[in-house]
Amino acid sequence: MDEPQITEDLIAAHGLKPDEYQRILEIIGREPSFTELGIFSAMWNEHCSYKSSKHWLRTLPTDGPQVICGPGENAGIVDIGDGQAVVFKMESHNHPSYIEPYQGAATGVGGILRDVFTMGARPVAAMNSLSFGAPDHPRTRTLVNGVVAGIGGYGNCFGVPNVGGEVRFDPAYNGNCLVNAFAAGIADTDKIFYSAASGVGMPVVYLGAKTGRDGVGGATMASAEFDDTIEEKRPTVQVGDPFTEKRLLEACLELMQTGAVISIQDMGAAGLTCSAVEMGDKGDLGVKLELDRVPVREDHMTAYEMMLSESQERMLMVLNPELEAEAKAIFDKWDLDFAIVGETIAEDRFLILHGNEVKADLPLKALSGTAPEYQRPWVPTPAATPLADVPEVDPIDALRALVSSPNYASKQWVWEQYDHMVMADTIVAPGLGAGVVRVHGTDKALAFTSDVTPRYVRANPVEGGKQAVAEAFRNLCAVGARPLATTDNLNFGNPEKPEIMGQLVGAIQGIGAACTALDMPIVSGNVSLYNETDGEPILPTPTIGAVGLVDHVDHLIAGTAREGDLAILLGETVGHLGQSALLAEVFNRHEGDAPPVDLEAERRHGEFLRDNRTLVQAATDLSDGGLALAAFEMAEAAGVGVTLDDGATAHAFGEDQGRYLLACSFDQAEALMVAAARAEVPVATVGRFGGDRVRIGASQAELAELAQIYRTSFAAAVA
Amino acid sequence: MKAGVIVFPGSNCDRDMAVAFEKAGADVQMIWHKDSSLPSGLDVLGVPGGFSFGDYLRCGAIAAQSPICRAVVDFAGKGGHILGVCNGFQVLTETGLLPGALMRNSNLKFICKNVELTVATDDSAFTSGYERGAQITVPVAHHDGNYVIDQDGLSRLRDEDRIAFTYASNPNGSVADIAGVLSENRRVLGMMPHPERRVEAAHGGEDGAAMFRGLIDALVPA
């Protein structure tokens, strides 16, 4: 079939700027073919090349004694001792989920699971951080229901427990929801697989599902802003098949045991193109592909379509040719496609043959190595104006307002649609704070959390960036885990606007500082830019996914508050109300600065809690809604009332950082006070648990009444 | 005591069920769905949860046609004990070993949570570890657990004391709150809740363990 002529319109439709096209002409010394144009577009879009963010991402701390593999591979790898490692990453599927919520979210889950098992790890936990528009926006209900069903539909069938996440609502996401999917797996440290090809003349093998036309151009779509043509973009969304993914998982893990795999890479964004180029580039080899051998499920597919298809559940592997028969037998057993589609070659060349024709012949290194990199102009976010007076509120009325909001109501409606117990190693279910999963067959456990407070990041990207990491740190410490490492999913608007670029730069600076101070290096991540609709950007949302290790399940802090326990506040309270949940939900005010984060204090308080975990019956971190919401959530989980002595608004609802609420028996509390004095850590008794009422200062309500609101408000708003 | 666990390509609770059998003291053998015969000397067979063939059609319908299911039906015919959990229950109804069918949950959503069950009969190897009428906590995790059976079938189940478990608070719309049923010879049990997810303290409770222990006590001569 004849390929279209290259025209200015065609170049623009591929998301390539005129200067970028000039660069292509310089690199190859001639006009590209249509297929070649598609390949460049796929490799150079923001989603695959990180061209706007790369410069700043390099400043992040990525190393540490615990790190086996940092960013650059399919997922990060961190040592958990005893010859095992945790492999994890978070990735966005924002644009596809807005266009087609069920399949967009489902394939987001599928993609992140593949990133993990490509490396030889069996997925053991998933999380999802979701941001939607205003609850009353006409599209929100459809998106929430579709996204949640899609995540469940994929993860439940695949068989990975979903142990945590976040759901938030803000009008800034009206035209652009965020779906950030996290997955973690466990591998033996001597059986980790990487993507770098090695050896010349080695067979390149296509594994998994057949290639169709779904998702052609998806990565380029994901790097564009939305406008009113969005409905036309639906065909760029892929369709997921979790049953095939489950078989692909089992077949790959079996295959990896045989020694047949030299290197392996999943086909994600820009499918065959991106995976083949990445394997060749990392191995300093060229790749030749013969597209006539690619298993297809549609007739008359062109080279262009095959190279850019984002059909799901596919892998590319460089095979040890001596074990071809064994390898093929495993894929036959699981009824999956196994086809040798090419070979590694010595010269730096990406050669695509189809129907006895050369469809592309490009210098391979240049496709990834010379991708444009921009130092986009940026302006620092202006300092927030000081917060005007906040009137005193009735603390129970304010608490009632918070738990009535789908932002702070229980997310049970969401996580009950996810299988959070499959694999029978879930020890702490989703709901509050970190989820905990036992390392199968051992007494160790891993804790998982995902956190960010976008309204803080908007007010102050540096402190907001720090806060996201600090909150993740606290959620891990609150279950008794030692924070190990972090993955970041940076969701921002159009980086070509200096103020948006300033948000990105500031957030990265804050995240970097916090990850260094708290010894939680970034080992993997993803950047999602152009999250704008008709020029309106989302709230800057750098989602932090973090993993912690619990040496023995007996060391977990996983209890609930008991009748008579003292409520003890660990950390300093100033009463910071700027950008607080109270201000937003009760007063509809979005003012003031984000709370400052004292990283040194964060570290000391977290270590103090872990060191003294035997003195603590239950613990939770303080974040949105401050002491009042934390105390209520702890009481509600335990089914006992709580009394907080001080009902002053700033005391009850201030969002000062570095704080935890602990439940301790009287004897434990005494010992804790002594330990705190010795460690010079601020602790104070702020109330007690017991009875069947929630009392804050002079105001009170039945726990059951508030619990009813808390349990039903989410579904009432959006289900 | 020798237990077998069937593995379909989309099973995902096969390991969990094997672990629960092993914890109770059984030797466990995994059995691939393409095999056409069972290992000899099995005391009990487990059909685990998951999405056997993706469940894009009626859940369990394709699994029921797999080679191993002919052997499973033969095993039942010879008086073998079979435990089907969740998707396993769906497969057993599709093979005809158990009456009724599992439809989409009445709220149309996947439901994963702990539920309270009432042990409706202790007259089976599976439920011998419980007292009749006991309240136990076991999780459910399914999209299609809404048990349906016609009026005559329901009357028979009741008359023959073949309702094994009922929900204290019906999560999925099942007829008569039914969570699990026994075959006529009381040697095949299908249930939607997952007893294998509740067999040790780390699971938050051990109410499921009594099923596996009771089964072994009942099947292994003292």
**Q.** Residue ID - nearest to the chain's Cα centre (by Cα), chosen from residues in the stretch B:14-29 that are within 12 Å of chain A (Cβ to nearest Cβ) and either farther than 16 Å from B:Ala210 by Cα or of a type outside the set (Val, Ile, Thr) (or both)
**A.** B:Met17
Q.
Within the stretch A:408-420, take every residue that is open to solvent by 30 Å² or more (accessible area, probe 1.4 Å) and touching a strand residue (DSSP E or B) at 6+ places or on another chain (Cβ under 6 Å) and give me the one that is farthest from B:His142 (Cα to Cα).
A. A:Lys411
Q: Please determine, by comparing only the residues of the stretch B:132-152 that are more than 14 Å from chain A (Cβ to nearest Cβ) and part of a loop (DSSP other than H, G, I, E, B), which one is nearest to A:Pro161 (Cα to Cα).
A: B:Ala134
Q.
Considering only the stretch A:535-550, I want to know if a residue exists there that is in contact with a strand residue (DSSP E or B) (Cβ under 9 Å, 6 or more places away or on another chain) and under 25 Å from A:Val694 (Cα atoms).
A. no
Q) Of everything in the stretch B:199-216 that's assigned to a helix (DSSP H, G or I) and within 13 Å of B:Val85 (Cβ to Cβ), which residue is nearest to the other protein chains (Cβ to nearest Cβ)? A) B:Phe212
Q. Mind checking which residues of the stretch A:418-458 are of a type in the set (Asp, Glu) and in contact with a helix residue (DSSP H, G or I) (Cβ under 6 Å, 6 or more places away or on another chain)?
A. A:Asp419, A:Asp443, A:Asp451
Q | Meets criteria (more than 14 Å from chain B (Cβ to nearest Cβ) and either in contact (Cβ under 8 Å) with a residue 12 or more places away in the chain or open to solvent by less than 10 Å² (accessible area, probe 1.4 Å) (or both)) for A:Gly104 | A | yes
(Q) Condition check: of a type in the set (Val, Ile, Thr) and within 12 Å of chain B (Cβ to nearest Cβ). Does A:Val469 satisfy that? (A) no
Q.
Going residue by residue through the stretch A:70-78, is there one that turns out to be modelled with pLDDT under 95, closer than 22 Å to A:Val239 by Cα and either of a type outside the set (Phe, Trp, Tyr) or crowded, with 24+ Cβ neighbours inside 10 Å (or both)?
A. yes
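Condition check ((1) touching a Lys or Arg at 6+ places or on another chain (Cβ under 8 Å); (2) not hydrophobic (A, V, I, L, M, F, W, C)) across all residues:
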site: A:Thr643; (1), (2): yes, yes
site: A:Gln657; (1), (2): no, yes
site: A:Ala669; (1), (2): no, no
site: A:Met673; (1), (2): no, no
site: A:Ala677; (1), (2): no, no
site: A:Val683; (1), (2): no, no
site: A:Arg688; (1), (2): no, yes
site: A:Asp692; (1), (2): no, yes
site: A:Tyr710; (1), (2): no, yes
Q) Applying the selection to the stretch A:263-293, what residues are farther than 21 Å from A:Lys89 by Cβ and open to solvent by 10 Å² or more (accessible area, probe 1.4 Å)? A) A:Gly283, A:Asp284, A:Leu285, A:Lys288, A:Glu290, A:Asp292, A:Arg293
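One line per residue, one yes/no per condition, for (1) touching a Ser or Thr at 6+ places or on another chain (Cβ under 7 Å); (2) aliphatic (A, V, I, L, M):
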site	(1), (2)
A:Ala384	no, yes
A:Val390	yes, yes
A:Pro395	yes, no
A:Arg400	no, no
A:Pro406	yes, no
A:Trp413	no, no
A:Pro430	no, no
A:Val437	yes, yes
A:Gly441	no, no
Q) Taking the stated definitions as given, is A:Leu432 within 30 Å of A:Ser580 (Cα to Cα), open to solvent by less than 10 Å² (accessible area, probe 1.4 Å) and either at the interface with chain B (Cβ under 9 Å from one of its Cβ atoms) or in contact (Cβ under 8 Å) with a residue 60 or more places away in the chain (or both)? A) no
Q | Residue, nearest to the chain's Cα centre (by Cα), within the stretch A:137-185, restricted to residues that are part of a loop (DSSP other than H, G, I, E, B) and in contact (Cβ under 8 Å) with a residue 60 or more places away in the chain | A | A:Cys177
Q: Give the number of residues within the stretch A:353-405 that are assigned to a loop (DSSP other than H, G, I, E, B), surrounded by 18 or more Cβ atoms within 10 Å (Cβ to Cβ), hydrophobic (A, V, I, L, M, F, W, C) and modelled with pLDDT of 95 or more.
A: 3
Q) When the residues of the stretch B:10-25 are filtered to those that are in contact (Cβ under 8 Å) with a residue 40 or more places away in the chain and open to solvent by 10 Å² or more (accessible area, probe 1.4 Å), which remaining residue is farthest from A:Phe158 (Cα to Cα)? A) B:Gly25
Q.
When the residues of the stretch A:529-548 are narrowed to those that are open to solvent by 10 Å² or more (accessible area, probe 1.4 Å) and assigned to a strand (DSSP E or B), which ends up nearest to A:Tyr456 (Cα to Cα)?
A. A:Pro537
Q: For the stretch A:315-348, enumerate the residues that are surrounded by fewer than 17 Cβ atoms within 10 Å (Cβ to Cβ), hydrophobic (A, V, I, L, M, F, W, C) and either within 14 Å of chain B (Cβ to nearest Cβ) or under 31 Å from the mean Cα position of the chain (by Cα) (or both).
A: A:Ala329
Q: For A:Glu324, indicate whether it is part of a helix (DSSP H, G or I), farther than 27 Å from A:Val200 by Cα and not assigned by the TED database to the domain that holds A:Ala650.
A: no
Q: Report, by residue number, each residue of the stretch B:30-83 that is in contact (Cβ under 8 Å) with a residue 12 or more places away in the chain, open to solvent by 20 Å² or more (accessible area, probe 1.4 Å) and polar (S, T, N, Q).
A: B:Ser36, B:Ser37
Q: Name the helices (runs of 4 or more DSSP H) wholly inside the stretch A:561-669 in which the number of residues that are touching a Pro at 6+ places or on another chain (Cβ under 9 Å) is 2 or more.
A: A:599-611, A:649-653
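The values are calculated or read from the model by the stated rules, or taken from the named source; none is laboratory data. The model shown is predicted, which means the values in this text are computed figures rather than measured ones. Positions of Cβ are generated from backbone atoms using ideal geometry, with glycine treated the same way; all protein chains shown enter the neighbour counts. The accessibility values were calculated without ligands, DNA or RNA, using every heavy atom of the protein model including side chains. Shrake-Rupley method; radii C 1.70, N 1.55, O 1.52, S 1.80 Å.
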